[in-house]
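The values are calculated or read from the model by the stated rules, or taken from the named source; none is laboratory data. Note that the structure is predicted; figures quoted are calculated from it, not measured. No Cβ is skipped: glycine too gets one built from the backbone with ideal geometry, and neighbour counts run over all protein chains shown.
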Amino acid sequence: MEDVFPSFNESRNVRLVNNIKLLLDNITDCMLCRNYLILIAKKKTVQSLVSTFKSMAISEIDIKKLWGLAAGRCSKPGCMVECVKFLDAINPTIIGEMAHVIAKKPNGPRGIPEGGDDSYENLILLCPTHHTEIDKAPDGVFPSEVIHEWKHAHEEQVKNSFRSPHFANCEDFAIAVKRLLAKNKSTWSRYGPESNEAIQNPLSNLHEIWTLRKLETIVPNNRRIVQMIERNQELIDIKDYSACAKFVEHAEGFERNCYVRTEGVPRFPIDFERMIDRYAQIQ
Ligand SMILES: [Zn+2]
């Protein structure tokens, strides 16, 4: 919390309120709560705001699990809307909502006497339209079993999308890998900790966006590449195996580090990129 709430002053106020709104997207979608919290923030009573967050917050690991396993997309069957909209390149809008399957209040949607909790198991990532739809529909239209099925099916669909094809030759394999590497590189250089924006505007909301972009773009792309390597080993020259092994280690370390901060994650191996360029005949 300390990073998000450095000492308030007028010049920082707008940016901080934006950061607060971003955090609120992860915590509550009730407009009354949101407006109340923003009001407190504007009145600069930071301590009370922090303590309110602490009492409401979904744990960081559950947020990451929810966004990562859903690949940052709405989980309602057939929707797949991206939950981060890049309407503004510098300050993208997070539209995804972490909806409760069983409402926290006993009389809320799908409520039970003891109320639902804030755990990953009781949350589903949805776009605002589908969140409203399930919460406003008459009782019984969207029972909790149906919503759990949506979530399970969506996460399976995300997992299955990693299944790699067998390529006919090493050039086709390398071009497919190159495409994913290029997407990752562009995400990293635009939103990563070493991007110009991150260095020039340390108070921007880029850190939150980077956290989400890693989970919804880089981690899934890395998994796809690892699958491609495993399923197309016969196309890879034996002298290039160590470059591939380094990439696999990097991908595994990077993913682990997204959930639990770990030291010594191997950096992206340049050997692997050179090998792919050679196979794709890009020199
Ligand atoms: Zn949706």
Got a sec? Which helices (runs of 4 or more DSSP H) wholly within the stretch 142-217 have at least 1 residues that are hydroxyl-bearing (Ser, Thr, Tyr) and under 16 Å from residue 72 (Cβ atoms)? 170-191, 206-213
Sort out which residues of the stretch 224-238 are more than 13 Å from residue 170 (Cβ to Cβ) and touching a helix residue (DSSP H, G or I) at 6+ places or on another chain (Cβ under 9 Å), and write them in order of number. 224, 225, 226, 230
Please state which of the following conditions residue 265 fails to meet, knowing it meets all the rest: (1) within 27 Å of residue 160 (Cα to Cα); (2) in a helix (DSSP H, G or I). (2)
Scan the stretch 160-171 and tell me whether some residue there is loosely packed, with under 13 Cβ neighbours inside 10 Å, hydroxyl-bearing (Ser, Thr, Tyr) and at pLDDT below 95. yes
Candidates 79, 83 - the one that is within 13 Å of the ligand (Cβ to nearest atom), at pLDDT below 95 and surrounded by fewer than 19 Cβ atoms within 10 Å (Cβ to Cβ): 79
